[in-house]
Amino acid sequence: MKRHPRAVQAVLAVVVLGSAAGLIVAATRPAPPLGADEITKILDQAEQAAKKEESLLRVNADGKKQPTRMHIVVVDRGGRPVGQRSMADAWVGSIAIARSKAFTALAFSSNENALTTRSLGPLSQPGGPLWNIGNSNRQDGLIEFPGGLPLYHNGELVGAIGVSGDGVDQDEKVAEAGAKGFEAPKAIRIDTVTNNGVPYTK
């Protein structure tokens, strides 16, 4: 069968354009959501760290320092809770705080910037660039102290972790442990972008 050069060129053009369009769609498609195994890994990592972290406030009947007891919450890219781990005797009030910490870290991070709840503290002081931000997003709650970190996969924001149940430094250490393997790219972290003018973690 005789093939016409122009017909062949037209078909090739369609194939190339179609492939290019597919690549563009693939490039702009959001990162896949956190899988069940990944969520479990994040929660497990955080809980193990909490069991080893000395509490700022907890002691036994003999006055000996005890490990922390935490609520750990993971949210997806849309800010929806997708995982929670609550340790025995953790403060009930910390459930909502952990959830809000995760939401806050997710809500103000992106593929081009990574911000933690610790970062919000100095930014939201009177005269700061995010002054009065605490009055926004009241339905989900915003937290302006440490314990919430965004989660990344291959450089793309996929969710966040929030931890509450002890002092804020203890909360943050546990959150950092949970986020291991899902850290924000260093180049987009707020401490890098501001040349350490705004902290990311302690």
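The values are calculated or read from the model by the stated rules, or taken from the named source; none is laboratory data. All values derive from a computational prediction rather than experimental measurement. Please note: Cβ atoms are built from the backbone with ideal geometry, for glycine as well, and neighbour counts cover all protein chains shown. Note: accessible area is taken over every heavy atom of the protein model, side chains too, but ligands, DNA and RNA are not part of it. Shrake-Rupley method; radii C 1.70, N 1.55, O 1.52, S 1.80 Å.
In the chain, taking the dipole from charged Cβ atoms about the Cα centre, the farthest positive-side position among ALA61, ALA98, ASN154 is held by ASN154. Basic side chains Lys and Arg get +1 at the Cβ, acidic Asp and Glu get -1 at the Cβ, and with that the dipole of the chain about its Cα centre reaches some 780 debye. Pairs exceeding 24 Å between alpha-carbon atoms, taken from LYS65/LYS202; LYS65/LYS180; LYS180/LYS202: LYS65/LYS180. Using a/c under 1.5 as the rounded threshold, could you call the stretch 79-126 rounded, prolate or oblate? The axes a ≥ b ≥ c are square roots of the C-alpha gyration tensor eigenvalues, and prolate needs a/b larger than b/c, oblate otherwise. Oblate, since a/c reaches 1.5 and b/c is not below a/b.
Here the convex hull built on the C-alpha positions of the chain has a volume of 165 cubic angstrom per residue. List the DSSP H helices in the chain whose Cα atoms stretch 18 Å or more along the helix axis and whose mean Kyte-Doolittle hydropathy is at least -1.0. Membrane-span-like by this rule: 5-28, 36-52, 93-107.
Relative to the Cα centre, the charge distribution of the stretch 122-174, modelled as +1 at Lys and Arg Cβ and -1 at Asp and Glu Cβ, gives a dipole magnitude of about 160 debye.
Sort the stretch 94-151 into rounded, prolate or oblate with this rule: let a ≥ b ≥ c be the square roots of the eigenvalues of the Cα gyration tensor; rounded if a/c is under 1.5, and if a/c is not under 1.5, prolate when a/b is larger than b/c, oblate otherwise. Note, shape of the stretch 94-151 comes out oblate. For the chain, modelled as a GNM whose springs connect Cα atoms under 10 angstrom apart, the maximal fluctuation among ALA160, ALA49, ALA36 occurs at ALA36.
Probing with 1.4 Å while keeping every protein chain in the model, the per residue accessible area of the chain equals 56 Å².
In loop segments of the stretch 68-127 as defined by DSSP, there are no chymotrypsin sites (Phe, Trp or Tyr not before Pro) with at most 13 further C-beta atoms inside 10 Å of their C-beta. Modelled spin labels at VAL92 and ASP44, positioned 7 Å past Cα toward Cβ, are 3.2 nm from each other.
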